[in-house]
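Student: Have a look at this one.
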Ligand SMILES: CC(C)(COP(=O)(O)OP(=O)(O)OC[C@H]1O[C@@H](n2cnc3c(N)ncnc32)[C@H](O)[C@@H]1OP(=O)(O)O)[C@@H](O)C(=O)NCCC(=O)NCCS
């Protein structure tokens, strides 16, 4: 095995690498070069600190994506290629990703059914801090207020939203793109979104007033994740 960084792969190789290591993931995961470029930029992934392992033939065996901003870290991608799974390789991959990060808190999300990944993260010192839910459903009436959202996960923090292209802001209280809601602040009403048939909200804390309100409107849970932190 040879170790390089994600920065050393070109855009096509980065895309292929992510699609390879996420094969068999619990949720459909097939990304495009455009998605990868936006993911790296929006969420501050430091590709030069994101390790990639290549096997003897130069094929990707494992990788992790590490983001760093405002004194915190986030793992925004992690996987072992199918041919190399089941060999306890994920532990060393995590250790290498976290090396030199002593004193820097790191967080990540893991799907609830993903027991192998959760086991790896727990062994690496991560603890579950809360649950995040991906939801889809119909909007309320235009004049209805939205309830308070929970404290945002990494992808929905201001530093990510500032970098997201084509985000539509309604005052300072609501931000969306297409049918995906990215931000709900104080005073938000459904407004023009009321005309949409179905909307999506990713990684809303499971105990938030907004989550409860959306369930009441008939939204359904598409996925549930644990947010984990390593202090
Ligand atoms: C998750 C993933 C990285 C784990 O790598 P792996 O090579 O399959 O798993 P490993 O051999 O490293 O085993 C990891 C741990 O899970 C344990 N494990 C294996 N099967 C398990 C199961 N069904 N339930 C619970 N734990 C299990 C292993 O025993 C090991 O723990 P241990 O060292 O204490 O024994 C890999 O399966 C993968 O890339 N999956 C697709 C992408 C993905 O899910 N990424 C994580 C995103 S959060």
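The values are calculated or read from the model by the stated rules, or taken from the named source; none is laboratory data. Since the model is a prediction, treat every value here as computed from it, not as a measurement. Cβ placement follows ideal geometry from the backbone for every residue including glycine, while neighbour counts extend to all protein chains displayed.
Student: Out of the residues in the range 103-158 that are more than 10 Å from the ligand (Cβ to nearest atom) and part of a helix (DSSP H, G or I), state the one that is farthest from residue 196 (Cα to Cα).
Tutor: It comes out as 154.
Student: Pairs please, first residue from the range 90-113 and on the phi > 0 side of the Ramachandran plot, second anywhere and surrounded by 21 or more Cβ atoms within 10 Å (Cβ to Cβ), Cβ atoms under 9 Å, 6+ apart in sequence or on different chains.
Tutor: none
Student: Please go through the range 20-43 and pick out each residue that is within 11 Å of the ligand (Cβ to nearest atom) and assigned to a helix (DSSP H, G or I). Outline the logic, then answer.
Tutor: Step one: filter the range 20-43 for residues within 11 Å of the ligand (Cβ to nearest atom), giving 20-27, 29.
If the condition is that a residue be within 11 Å of the ligand (Cβ to nearest atom) and assigned to a helix (DSSP H, G or I), then 20, 21 are the ones that fit.
Student: Identify, please: which residue in the range 160-192 is exposed (fewer than 14 other Cβ atoms within 10 Å of the Cβ) and touching a residue at least 24 places away in the same chain (Cβ under 8 Å) and is, among those, nearest to residue 68 (Cα to Cα)?
Tutor: Among residues in the range 160-192 that are exposed (fewer than 14 other Cβ atoms within 10 Å of the Cβ) and touching a residue at least 24 places away in the same chain (Cβ under 8 Å), the one nearest to residue 68 (Cα to Cα) is 163.
This table checks each residue for (1) farther than 19 Å from residue 5 by Cβ; (2) in contact with a helix residue (DSSP H, G or I) (Cβ under 8 Å, 6 or more places away or on another chain).
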residue: 30; (1), (2): yes, yes
residue: 46; (1), (2): no, no
residue: 53; (1), (2): no, yes
residue: 63; (1), (2): no, yes
residue: 69; (1), (2): no, yes
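Student: Still on this structure, please answer the following. What about residue 207, is it in a loop (DSSP other than H, G, I, E, B) and either free of Cβ contacts under 8 Å to residues at least 12 places away in the same chain or surrounded by 19 or more Cβ atoms within 10 Å (Cβ to Cβ) (or both)?
Tutor: On the way: in a loop (DSSP other than H, G, I, E, B): yes; either free of Cβ contacts under 8 Å to residues at least 12 places away in the same chain or surrounded by 19 or more Cβ atoms within 10 Å (Cβ to Cβ) (or both): no.
Criteria not met by residue 207.
Student: For the range 56-92, enumerate the residues that are farther than 26 Å from residue 37 by Cβ, part of a loop (DSSP other than H, G, I, E, B) and either more than 13 Å from the ligand (Cβ to nearest atom) or touching a strand residue (DSSP E or B) at 6+ places or on another chain (Cβ under 7 Å) (or both).
Tutor: 56, 57, 89
Student: Applying the selection to the range 210-231, what residues are part of a helix (DSSP H, G or I) and either assigned by TED's automatic domain parsing to the domain that holds residue 99 or surrounded by fewer than 19 Cβ atoms within 10 Å (Cβ to Cβ) (or both)?
Tutor: Those that are part of a helix (DSSP H, G or I) and either assigned by TED's automatic domain parsing to the domain that holds residue 99 or surrounded by fewer than 19 Cβ atoms within 10 Å (Cβ to Cβ) (or both): 212, 213, 215, 216.
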